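Everything on this sheet refers to the single structure shown next.
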Amino acid sequence: MHNDLHHHHHDHGDGHHHNYGPNGHHHSHPPGHNGPAGKPLQWQTPHLPADHAKEHPVDPGAVDLDLVETAFLEGFSRAPDPSSFLRLAGIPFVSESGDGTRLHLLRVETEDMVDVGAVMPLVGGAGVAYHPLPARLTSHRRRLAFVYHDGAAQRRLGFAAARALSDRSATSQFAVPGH
């Protein structure tokens, strides 16, 4: 049973520390005490020293984006009104690329994949060996793409890239080159 009362050595960071008996310093912590109170941590988060700078600042909009994408895939396939679902998800129908090219959403593509076999190179590189996978090693994956048209060709964007586009979805007209 975890009672949130912990014993550990307490270091003030200035080179001196307190040691309160054989169990060290003790005080209670809020639930999920390895991080700031009220902010849950995922099990994948490494416990780094407090003075360790993060390599990249965390974008709050990108936290758990893989889980958001999975939820989008599940909901979109059952949505009675796909256009409204796209609006709720923040996917623009009309946008502009970084170079100013106007993009128009044509289609949302979803693809289900199940890996049932694997190939491995033979020793010496003379070929490959194929092995069917037992049920416990098969994997199910889903892929999502947003297909935009830029006036000349189609562009396939992933979930994060489509959500990052600016919304220019007011009714628009565009000229088709060569006509």
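The values are calculated or read from the model by the stated rules, or taken from the named source; none is laboratory data. In this text, all values refer to a predicted model and were calculated from it rather than measured experimentally. Heads up, the Cβs are rebuilt from the backbone with ideal geometry, glycines too, and the neighbour counts pull from every protein chain shown. Protein only, heavy atoms only, side chains kept; ligands, DNA and RNA dropped before computing areas. Shrake-Rupley method; radii C 1.70, N 1.55, O 1.52, S 1.80 Å.
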Unique match (being within 24 Å of G75 (Cα to Cα) and in contact with a helix residue (DSSP H, G or I) (Cβ under 6 Å, 6 or more places away or on another chain)) among G158, G90: G90
Tabulated pairs, segment 127-141, first surrounded by 11 or more Cβ atoms within 10 Å (Cβ to Cβ), second in a strand (DSSP E or B) and of a type in the set (S, T, N, Q), C-beta under 9 angstrom, 6+ apart or interchain: L133/S139
Subset of segment 140-162 (residues that are within 17 Å of the chain's Cα centre (by Cα) and not in a strand (DSSP E or B)): G158, F159, A160, A161, A162
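Could you list, in sequence order, the residues of segment 92-107 that are in contact with an Asp or Glu (Cβ under 9 Å, 6 or more places away or on another chain) and either closer than 17 Å to G158 by Cα or open to solvent by 50 Å² or more (accessible area, probe 1.4 Å) (or both)?
To start, the set of residues in segment 92-107 that are in contact with an Asp or Glu (Cβ under 9 Å, 6 or more places away or on another chain) comprises 92-95, 97, 101-104.
Once the filter is applied, which keeps residues that are in contact with an Asp or Glu (Cβ under 9 Å, 6 or more places away or on another chain) and either closer than 17 Å to G158 by Cα or open to solvent by 50 Å² or more (accessible area, probe 1.4 Å) (or both), segment 92-107 yields P92, F93, V94, S95, S97, R102, L103, H104.
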